[in-house]
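Participant: I am attaching a structure below and will ask some questions about it afterwards.
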Amino acid sequence: MFYRAAVWDPWLIVAQIVCLQCLYYITLGVFLSILVGTRVSRLSLVYFFDYVTITASTVTGWCVIASFLLSSFAGSVYMLYLIERAKKCLDFSATLYIIHLFICIVYGGWPSSITWWIVNGTGIAVMALLGEYLCIRRELQEIPITRLRSSV
């Protein structure tokens, strides 16, 4: 979709990062509203950016964990269509999670929960590896050549 012949296009890279980040948070919001919104009285940004909500001690915490991991799976599919290159998947996954880390630090402080680090580490691994796998599968597909032969 965004892939061009130019080797390094900073506007393209920024557009891909912004699109991927927005799609990730939209998907996270959908999963949080489905899994967590039915369990709490009011869904807020705390579930997006505060490390305290990612806990394995409550059912709601497990729903938050599932939302983050499902968003990682969806993010790998987004990379298939936005990034389109297997060798760039790790870079874009890491960028997404580094931006998420900075937003979490600004919102709720340094994440001191080991569960937060495990969930986000698993998320980056899932997004990068599954995104690379999907992109490699697409890159290895045969190129269809349709040529009409003239009758001689």
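Participant: Name, by its number, the condition in (1) touching a helix residue (DSSP H, G or I) at 6+ places or on another chain (Cβ under 6 Å); (2) surrounded by fewer than 21 Cβ atoms within 10 Å (Cβ to Cβ); (3) aromatic (Phe, Trp, Tyr) that does not hold for Trp62.
Facilitator: Status for Trp62: all satisfied but (1).
Participant: Ok, one more. What are the residues in segment 99-130 that are surrounded by fewer than 17 Cβ atoms within 10 Å (Cβ to Cβ), within 14 Å of Phe49 (Cβ to Cβ) and among the β-branched types (Val, Ile, Thr), if any?
Facilitator: Of everything in segment 99-130, those that are surrounded by fewer than 17 Cβ atoms within 10 Å (Cβ to Cβ), within 14 Å of Phe49 (Cβ to Cβ) and among the β-branched types (Val, Ile, Thr) turn out to be Ile99, Ile103, Ile105, Val106.
Participant: Considering every residue within segment 43-54, establish whether at least one is aromatic (Phe, Trp, Tyr) and exposed (fewer than 15 other Cβ atoms within 10 Å of the Cβ). Can you show your working first?
Facilitator: At the first step, the residues of segment 43-54 found to be aromatic (Phe, Trp, Tyr) are 47-49, 51.
Those still in the list that are exposed (fewer than 15 other Cβ atoms within 10 Å of the Cβ) too: none.
No, segment 43-54 contains no residue that is aromatic (Phe, Trp, Tyr) and exposed (fewer than 15 other Cβ atoms within 10 Å of the Cβ).
Participant: Looking at segment 64-79, I want the residues that are closer than 13 Å to Ala128 by Cα and in contact (Cβ under 8 Å) with a residue 40 or more places away in the chain and have a partner that is surrounded by fewer than 21 Cβ atoms within 10 Å (Cβ to Cβ) and among the hydroxyl-bearing types (Ser, Thr, Tyr) with Cβ atoms under 9 Å, at least 6 apart or on another chain. Which pairs are those?
Facilitator: Leu69/Thr122; Ser71/Tyr25; Ser71/Thr27; Ser72/Thr122; Ala74/Thr27; Gly75/Thr27; Ser76/Tyr133; Tyr78/Thr27
Participant: Now, a different point. Assess whether Val40 counts as being farther than 26 Å from Arg138 by Cβ, at pLDDT below 95, out of contact with any strand residue (DSSP E or B) (no Cβ under 8 Å at 6 or more places or on another chain) and surrounded by 14 or more Cβ atoms within 10 Å (Cβ to Cβ). Don't jump to the end; show me each part of the working.
Facilitator: Working: farther than 26 Å from Arg138 by Cβ: yes; at pLDDT below 95: yes; out of contact with any strand residue (DSSP E or B) (no Cβ under 8 Å at 6 or more places or on another chain): yes; surrounded by 14 or more Cβ atoms within 10 Å (Cβ to Cβ): yes.
Considered against the rule, which asks whether it is farther than 26 Å from Arg138 by Cβ, at pLDDT below 95, out of contact with any strand residue (DSSP E or B) (no Cβ under 8 Å at 6 or more places or on another chain) and surrounded by 14 or more Cβ atoms within 10 Å (Cβ to Cβ), Val40 comes out as yes.
The values are calculated or read from the model by the stated rules, or taken from the named source; none is laboratory data. Predicted model, so just to flag it, every value in this text is computed and none were measured. Backbone-built Cβ (ideal geometry, glycine too); neighbour counts: all protein chains shown.
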